[in-house]
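One structure is given below, encoded as structure tokens.
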Amino acid sequence: MSAIANTIFSPELAARFDKLVTIYPLKRSALVPMLLYAQDEVGYVSDAVVAEIAQRLDLLELDVRNVLSYYSMLRTKPAGKYNVQVCTNISCMLRGGFELLDHCKHTLGIGHKETTEDGLFSLEEVECIGACCWAPAAQVNYDFHDELTPAKMDAVLDTYRAREKK
Amino acid sequence: MPTLVSHPDEVKVLSKRFGLGATNIDRYVELDGYKATQQAIEQGPEWIINTMKASGLRGRGGAGFPTGMKWSFVPKVSEKPKYVLINGDESEPGTCKDHLIFLNDPHAIIEGAMIAGLAIGAKTGFIYLRGEYRYLLNIMEKAVADAYAKGFLGKNIFGHEGVDFDIITQTGAGAYEVGEESALMESLEGKRGVPRIRPPFPAVVGLYGGPTVINNAETIANVPHILLMGGEAYAKLGTERNGGTRLFGISGHVERPGVYELPMGYSLRKAIYDVAGGIRGGKQLKAVVPGGSSCPVLRADEIDVGLDFDQLAKAGTMLGSGGIVVLDETVSIVEFALRTIRFYQHESCGWCIPCREGTDWIKKTLTRFHAGGGNKKDIDNIQYIAENMLGRTFCPLGDAAAMPILGFIKKFRPEFEEYLAGARVANPLIQIQPVGEHELAGAH
Ligand SMILES: Cc1cc2nc3c(=O)[nH]c(=O)nc-3n(C[C@H](O)[C@H](O)[C@H](O)COP(=O)(O)O)c2cc1C
Ligand code: SF4
Ligand code: FES
């Protein structure tokens with residue numbers, strides 16, 4: 001049984017959150033991870049997510065929103081199932097990051113922070129993701145893809161499309 | 001998977017277990033793992049701190065503060081619990097070294113944190129990874145769970161009565177500024193990553209108000225190796241006041257980009273031309289950003305310098321995070337400067353005015369300049385704004401934004417002037433968009 005009746009999260013995530021709030025010297029320390037893990041499950045940080053996390057941490061919803069708006073990975077609107085994040089920061093820029101981003105815009109037919117009509121992909125231009133020596137790099141959700149070219153990027157996108165067909 | 005590279009000039013201390021399967025705890029123990037921690041328990045805090053001081057190890061997070069000295073600042077007696085906090089936010093553009101440590105040798109970070117804890121009298125350590133590093137967080141969490149299962153973490157570790165240490169792993173959620181140590185503590189306390197005023201310094205009032213040691217992941221992963229080999233032996237690998245080796249990430253226009261472990265003081269020229277194989281496609285070198293995006297640029301004729309904190313400071317730049325970004329002759333410095341300031345403008349937390357407004361104005365001016373709408377005063381204006389940010393911001397991010405911009409203008413002013421006169425980049429990387437086409441206008 002979750003600490004919260006009528007939790008909006010899956011039993012696994014609710015159980016994880018029950019534990020997470022107990023491990024820190026101050027419960028509030030669980031806030032940033034909770035927001036991210038909730039987003040992983042729900043797809044975005046919805047009003048209901050904010051409300052339940054506030055309740056779990058004895059915070060005002062305002063406190064939660066205040067923190068939520070600070071972190072660039074957290075979003076308050078749904079995105080595609082696979083969020084394609086292309087780095088164009090300096091090391092990637094030098095090895096084709098912008099070309100890669102343009103390529104994705106054209107093949108997916110969407111711009112920065114937009115989602116394809118079928119809801120499968122979103123696209124985002126991101127800052128350095130810590131893969132500079134394997135540039136140009138991109139992340140699809142949490143998966144890293146290194147040393148990309150437009151052709152390799154197409155193959156990467158195809159692997160996610162193939163997952164959907166199964 | 002990141003490619004592991006190697007070169008005969010490397011001196012592998014920290015990276016010696018890379019690629020050897022050391023994420024597995026039994027394998028790690030076979031490779032001398034957890035010996036240093038047991039030694040540290042037996043020898044005690046004073047020995048640890050003296051060894052660290054003798055090693056000459058300086059912080060690998062950017063500022064290069066001597067680690068042994070940092071630990072010695074923590075008061076012996078404290079009413080509030082003390083903490084160790086490992087900074088794995090790794091977000092400085094050009095930097096991906098901690099990535100490889102988390103991937104290849106997570107137990108070295110656990111050990112380093114435990115030893116830091118023993119040295120200062122902390123019983124809890126936090127390991128904070130940037131949110132994008134989820135797969136590395138999973139590796140780290142598995143390593144922590146394995147260490148608990150073996151009795152290496154928790155209560156009475158290695159059978160020593162009363163010696164306890166716990167580790168809590170934490171994820172961020174996307175923010176460069178959270179790598180700044182006081183903003184990191186705010187984030188870990190569940191708040192916006194806005195920095196704290198200092199003094200008091202974290203060694204006295206840190207996480208949850210308790211004395212806290214904050215170290216970069218690479219710094220801390222060095223610690224067990226130093227205890228095993230001895231402080232003096234480690235120091236000798238490097239140069240005066242710059243002990244040991246360092247992970248240098250060489251990226252950009254080189255033949256063999258990668259993370260290489262080189263002795264401190266190693267020649268920048270050799271790092272580029274020998275270790276990383278020289279400039280890609282036989283092109284000419286134009287410039288080098290020697291330690292992550294916040295370090296002032298060096299021109300091609302300035303690379304006969306040793307890679308340590310003091311020699312680079314003398315050369316007017318910094319060793320920073322050890323991320324060496326190499327630019328060939330085709331790069332437009334105007335574009336490169338624009339991409340750099342776009343990053344800092346995006347990451348400014350907005351708390352203080354010189355940084356929030358300064359980064360924004362420089363970005364706006366450079367964007368217009370790059371698009372061909374520059375005017376005569378722009379170059380001086382950008383310089384003026386950047387100079388007025390230096391030393392006037394609440395945290396060092398303001399300096400980190402201003403310094404590279406000043407470097408670009410100082411070292412490549414003629415290029416800005418030619419650009420203004422109509423010279424253009426042959427193949428612009430950053431698209432120049434007519435106003436109104438928002439959908440292709442990029443992230444910022
Ligand atoms: C804007 C900014 C970002 C920083 N980002 C990081 C980072 O990602 N990782 C890191 O270890 N240190 C970073 N630092 C440096 C930390 O504030 C701190 O000095 C460092 O973690 C201390 O560890 P060290 O002594 O082992 O280097 C950053 C500093 C600033 C001002
Ligand atoms: S210098 Fe920039 S990042 Fe630092 S407190 Fe001021 S606005 Fe925030
Ligand atoms: S600059 Fe792209 S990953 Fe670092």
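The values are calculated or read from the model by the stated rules, or taken from the named source; none is laboratory data. Everything numeric here is computed off the predicted structure, so don't read it as measured data. Positions of Cβ are generated from backbone atoms using ideal geometry, with glycine treated the same way; all protein chains shown enter the neighbour counts.
Figures for the structure shown
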| item | result |
| --- | --- |
| Residue match in the stretch B:356-368 (condition: hydroxyl-bearing (Ser, Thr, Tyr), within 21 Å of B:Pro93 (Cβ to Cβ) and without any contact (Cβ under 8 Å) to a residue 24 or more places away in the chain) | yes |
| Count - residues of the stretch B:160-212 that are away from ligand 2 (no atom under 16 Å from the Cβ) and within 14 Å of chain A (Cβ to nearest Cβ) | 17 |
| Long-range neighbours under 9 Å by Cβ, at least six apart or interchain, first residue away from every other protein chain (no Cβ under 14 Å) within the stretch A:138-162, second among the hydrophobic types (A, V, I, L, M, F, W, C) and assigned to a loop (DSSP other than H, G, I, E, B) | A:Tyr160/A:Leu120; A:Arg161/A:Leu120 |
| Those residues of the stretch B:147-170 which are over 27 Å from B:Ser187 (Cα atoms), of a type in the set (Asp, Glu) and surrounded by 14 or more Cβ atoms within 10 Å (Cβ to Cβ), in sequence order | none |
| Residue among A:Leu35, A:Leu31, A:Leu59, A:Leu74 that is more than 21 Å from B:Arg134 (Cβ to Cβ) and not small (Gly, Ala, Ser) | A:Leu59 |
| Residue in the stretch B:366-384 that is of a type in the set (Val, Ile, Thr) and modelled with pLDDT of 95 or more present | yes |
| Qualifying positions in the stretch B:282-316 - within 13 Å of chain A (Cβ to nearest Cβ) and either free of Cβ contacts under 8 Å to residues at least 24 places away in the same chain or assigned to a loop (DSSP other than H, G, I, E, B) (or both) | B:Lys283, B:Pro290, B:Gly291, B:Gly292, B:Ser293, B:Ser294, B:Cys295, B:Val297 |
| Filtered residue count, the stretch B:64-100, keeping only those that are within 16 Å of ligand 3 (Cβ to nearest atom) and among the aliphatic types (A, V, I, L, M) | 1 |
| Residue match in the stretch B:379-391 (condition: among the aromatic types (Phe, Trp, Tyr), free of Cβ contacts under 8 Å to residues at least 60 places away in the same chain and within 16 Å of ligand 3 (Cβ to nearest atom)) | no |
| Residue satisfying all of: in the stretch B:277-305; of a type in the set (Val, Ile, Thr) and buried (at least 23 other Cβ atoms within 10 Å of the Cβ); farthest from ligand 2 (Cβ to nearest atom) among these | B:Val288 |
| Odd one out for B:Ile279, checked against (1) within 14 Å of chain A (Cβ to nearest Cβ); (2) within 20 Å of the chain's Cα centre (by Cα) | (2) |
| Test: residue in the stretch A:113-130 that is touching a Pro at 6+ places or on another chain (Cβ under 6 Å) and within 16 Å of ligand 3 (Cβ to nearest atom) | yes |
| Extreme residue, farthest from A:Tyr44 (Cα to Cα), among residues of the stretch A:101-121 that are buried (at least 16 other Cβ atoms within 10 Å of the Cβ) and touching a residue at least 40 places away in the same chain (Cβ under 8 Å) | A:His103 |
| Selection from the stretch B:309-352 of residues that are small (Gly, Ala, Ser) and within 13 Å of ligand 3 (Cβ to nearest atom) | B:Ser321, B:Gly323 |
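Rundown of residues vs (1) under 27 Å from B:Val325 (Cβ atoms); (2) more than 14 Å from chain A (Cβ to nearest Cβ); (3) buried (at least 24 other Cβ atoms within 10 Å of the Cβ), yes/no style:
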| site | (1), (2), (3) |
| --- | --- |
| B:Ile86 | yes, yes, yes |
| B:Glu90 | yes, no, yes |
| B:Gly94 | yes, no, yes |
| B:Ile101 | yes, no, yes |
| B:Asp105 | yes, yes, yes |
| B:Ile109 | yes, yes, yes |
| B:Ala113 | no, yes, yes |
| B:Ile120 | no, yes, yes |
| B:Lys123 | no, no, no |
